[in-house]
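Working notes for the structure below.
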Amino acid sequence: MAPTRIVHNADAIAWLRAQGKLVGASVITSLPDVSELPRLGLDGWRRWFEAAAALVMACTVDEGVAIFFQSDIQHGGFWIDKGALVSRAAERSGMSCLFHKIVCRKPPGTSSFGRASYAHMLGFARGQARGHRRARVDVLPDGGFLPGPKSMGAKACADACLFVKSETTTRTVVDPFCGWGTVLAVANALGLDAVGVDIAPRMCRRARKLQIEL
Ligand SMILES: C[S@@+](CC[C@H](N)C(=O)[O-])C[C@H]1O[C@@H](n2cnc3c(N)ncnc32)[C@H](O)[C@@H]1O
């Protein structure tokens, strides 16, 4: 049977609270940057970001994993380390880090301004460790095809989805901030069911349609 895809046009925070535990699913997501939520201001966004990451983790079942893809930014001359923000949320949520990968968004050696040329990809779980008996790539030299400017690359999504497939019993991937739907399209291409949420109707339309061949 072909894998399914459902995309909800909703506020992810309210949607996650209403769902509770995401039975049978793992989460792969990329939380919005401060530039996408300007009304919060930097301090408000930091609090929102950590609380949103903690909520995602609270909704992740014990047999699943929560994977975050986040790019650091420069704000007022200081770097915001989003990997650290997500890790702090994990500590609060009683989750442990399974992996912390670096995904190159541009070739190593490229100068960057304002936004890092790498992204963090961090995976978390509670209970037993997973995937620790195999050697794995921890620097992805190319994130792959980007459907939009703030997208997670298709190769990075495939790496995350393959981890879900090989190291968990969950067969649905949820992306509560799905944007263009890269995670959903790659999950479907790898035979996993996908559920996305986005607050913007136009992103939901894109996320319902996107097809990616691997
Ligand atoms: C970083 S982008 C996600 C990019 C996505 N991973 C991709 O590959 O295209 C963040 C997305 O979160 C959405 N968003 C922002 N606030 C939201 C909220 N409260 N609930 C749901 N979606 C939200 C934005 O519309 C945006 O599409």
The stretch 5-209: relative contact order from alpha carbon pairs under 8 Å, six or more residues apart, as a whole percent, is 28
Given a Förster distance of 41 angstrom, what is the FRET efficiency for R171 paired with T110, based on the Cβ-Cβ distance and rounded to 0.05? 0.65
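What are the semi-axes of the equivalent ellipsoid for the stretch 95-179, taken as the square roots of 5 times the Cα gyration tensor eigenvalues, largest first, in whole Å?
Values: eigenvalues 118, 48, 27 Å².
In descending order the semi-axes read 24, 15, 12 Å.
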List the residues, sorted by chain then number, that are 5 or more residues from V195 or on another chain and whose placed amide H is less than 5 Å from its amide H. I6, V173, V174, D175
Rough spin-label spacing in nm, given labels placed 7 Å along Cα→Cβ, for I73 and R208: 2.9
Among L98, L122, L37, which one moves the most in a GNM of the chain with springs linking Cα atoms closer than 10 Å? L37
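Quickly estimate the mean residue ellipticity at 222 nm for the chain, helices only: each DSSP H run with n ≥ 4 gives -39500 (n - 2.57), and the total goes over all residues, rounded to 500. Numbers along the way, then the final one.
Details: 6 runs with 70 residues, N = 214.
Calculated mean residue ellipticity at 222 nm is -10000 deg cm²/dmol.
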Taking R0 as 30 Å, what FRET efficiency do you get between E36 and V139 from their Cβ-Cβ distance, rounded to the nearest 0.05? 0.65
Whole percent per 5 Å bin, from 0 to the bin with the longest distance: what is P(r) over all C-alpha pairs of the stretch 5-209? 1, 8, 16, 21, 23, 18, 9, 3, 0
Are any of the pairs K82/K209; K101/K209; K21/K150; K21/K209; K21/K82; K101/K150 more than 22 Å apart by Cα-Cα distance, and if so, which? K82/K209; K101/K209; K21/K150; K21/K209; K21/K82
Of 191-199, 41-49, ordering from highest average Cβ density within 10 Å down gives 191-199, 41-49
Given a Förster distance of 25 angstrom, what is the FRET efficiency for R88 paired with A200, based on the Cβ-Cβ distance and rounded to 0.05? 0.35
In whole Å, what are the extents of the stretch 1-99 along the principal axes defined by its C-alpha atoms, from largest to smallest? 50, 30, 24
Charge dipole of the chain built from unit charges on the beta carbon (Lys, Arg +1; Asp, Glu -1), centred at mean Cα; most positive-end Cα among A125, T182, P141 is T182
Antiparallel bridges, percent of DSSP beta bridges restricted to the chain (to nearest 5): 50
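Every read-out reported here was derived from the displayed coordinates using simple, explicitly stated rules and does not represent laboratory data. If you're wondering where the values come from, they're calculated on a predicted model, not measured in any experiment. Cβ sites come from the backbone with ideal geometry, for glycine too, and all protein chains shown count toward neighbours.
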